[in-house]
1. Would you mind telling me which numbered condition in (1) surrounded by 20 or more Cβ atoms within 10 Å (Cβ to Cβ); (2) under 25 Å from the mean Cα position of the chain (by Cα) TRP322 fails?
2. Just to check your reading of the model, which residue among TYR31, TYR11 is touching an Asp or Glu at 6+ places or on another chain (Cβ under 7 Å), touching a residue at least 40 places away in the same chain (Cβ under 8 Å) and of a type in the set (Phe, Trp, Tyr)?
3. Cβ-Cβ under 7 Å, sequence separation 6+ or interchain: first residue in segment 63-78 and farther than 17 Å from THR53 by Cβ, partner assigned to a loop (DSSP other than H, G, I, E, B) and not basic (Lys, Arg). Which pairs?
4. Suppose we keep only residues that are surrounded by 24 or more Cβ atoms within 10 Å (Cβ to Cβ) and touching a residue at least 60 places away in the same chain (Cβ under 8 Å) within segment 86-105. Which one would you say is farthest from the chain's Cα centre (by Cα)?
5. Please report, ordered by residue number, the helices (runs of 4 or more DSSP H) entirely within segment 240-355 with at least 3 residues that are closer than 29 Å to ASN402 by Cα and not assigned by TED's automatic domain parsing to the domain that holds VAL389.
6. Does ILE374 count as in contact (Cβ under 8 Å) with a residue 60 or more places away in the chain, surrounded by 17 or more Cβ atoms within 10 Å (Cβ to Cβ) and aliphatic (A, V, I, L, M)?
Amino acid sequence: MKVSPLAPKGYPAMPAIEGVRLGAVEAGIKYKNREDLAVIVFDRPASVAGVFTRSKCPSAPVDWCRKQLPKGRARAVVVNSGNANAFTGMKGADAVKQTVAAACQAFGCKVSEVFAASTGVIGEPLDASSFEQHLKKAGSKAAAEGWEATARAIMTTDTYPKMATRTFEVAGKSYRLNGMAKGSGMIQPDMATMLSFLVTDYPMESGLLQKLLAKAVGPSFNSISVDSDTSTSDTVLLFSALNGREGETNSRSGGVNVFARALKQVLHELAMLVVRDGEGASKHVEITVSGARSAASARRIGLAIANSPLVKTAIAGEDANWGRIVMAVGKAGEAADRDRLKISFGGLCVARKGVRAPDYEEEKATQIMKRDFIDIAVDVGVGRGSATVWTCDLTADYVAINADYRS
């Protein structure tokens, strides 16, 4: 598979986090000659927070993680690619239990301290019978510098690994936050993203971590769309690896705001990497809606634009067809004033006050549409609500990738 033209020119150097090791092995789940089973191992119990898909058909690993999350502690995460272990009935639940038991054997942890995630084809039973030997091997390979190998192992139709990191300072001491994500298609997250795992060495208890994560996914993962489809498997897990080794941070600590800012930055960066790796994508698109009745209304209008096949194919064809933006605003079901509507591409006003802009020039608009990053601004003229969402274009490659996904 060719690498997305929007791929980053390089990958960040992911700093080691004390007490955290990552590793991956080839388990032959679907892919040949590549690692497809990954682990994150904590030497001591870590605090954990998580958000998951709102799909009414969640995967067996999502069910498992939801059950363990309130206990607030983690020692291991096991992730496989190539098989989503979703819509697999009792076989799916048994595969998760088998995976967890194998992790307990390999890493010496309790059942409640193991989290699992799967990504890939829906409806195919997952054979976890060999996971015990594979996890022992993964554990022996696991190392503090294993971020990229793990990020690659969890890929499906992704064309590059997605990683981000931030170092921040609290009370004169430096801390780190590392994150990875996978996702390329079936992307319009709802409360989470495809799969994402983040680890910090900033000490924080799970309840506070949960509040911060739940808030931070809104303007990041929950504001992107590749194709409007929400996965059965969407999972974001955030861990504080120094839990219990230093005083746990409470909500009144000044460091919480510093950490929250770093978390917001990392999640946003990961979300943008997902959009730029949208299946078949050639354009990264930012849509800002203003003048709406509320921020929620603005977001719904933004997603109506972002998810319109007509808008997305016009962008792929580098056609400044603002009429399709008008269509998407009109169909969104939100308050909007046709005669106050204003639309701009790349800062160039193409329509305002209900008609094409009098000074509109097709050549200028066409040059903007040739860029690989296109910002679209829409003012619907009824209030002060605003929101920004991100998407990509829809190309023939998207159809080809998904027409051939199971073969």
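The values are calculated or read from the model by the stated rules, or taken from the named source; none is laboratory data. Keep in mind it's a predicted model, so treat the numbers as computed, not measured. Virtual Cβ from ideal backbone geometry, glycine too; neighbours counted across all protein chains shown.
1. Here TRP322 clears every test but (2).
2. Values: TYR31 fails: touching an Asp or Glu at 6+ places or on another chain (Cβ under 7 Å).
Of TYR31, TYR11, the one residue that is touching an Asp or Glu at 6+ places or on another chain (Cβ under 7 Å), touching a residue at least 40 places away in the same chain (Cβ under 8 Å) and of a type in the set (Phe, Trp, Tyr) is TYR11.
3. Note: pairs meeting the criteria are ARG75/CYS109; ALA76/CYS109.
4. ALA103
5. Working: elements: 255-276, 295-306, 309-316, 322-331.
Once the helices (runs of 4 or more DSSP H) in segment 240-355 are filtered for at least 3 residues that are closer than 29 Å to ASN402 by Cα and not assigned by TED's automatic domain parsing to the domain that holds VAL389, what remains is 255-276.
6. On the way: in contact (Cβ under 8 Å) with a residue 60 or more places away in the chain: yes; surrounded by 17 or more Cβ atoms within 10 Å (Cβ to Cβ): yes; aliphatic (A, V, I, L, M): yes.
Yes.
Matching residues to (1) modelled with pLDDT under 95; (2) closer than 23 Å to ALA295 by Cβ; (3) under 29 Å from the mean Cα position of the chain (by Cα); (4) not aromatic (Phe, Trp, Tyr):
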residue: LYS364; (1), (2), (3), (4): no, no, no, yes
residue: ILE376; (1), (2), (3), (4): no, yes, yes, yes
residue: GLY385; (1), (2), (3), (4): no, yes, yes, yes
residue: ASP393; (1), (2), (3), (4): no, no, yes, yes
residue: TYR405; (1), (2), (3), (4): yes, no, yes, no
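Okay, residues lined up against (1) in a helix (DSSP H, G or I); (2) crowded, with 23+ Cβ neighbours inside 10 Å; (3) among the hydroxyl-bearing types (Ser, Thr, Tyr):
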site	(1), (2), (3)
VAL62	yes, yes, no
VAL79	no, yes, no
ALA128	no, yes, no
ALA138	yes, yes, no
THR157	no, no, yes
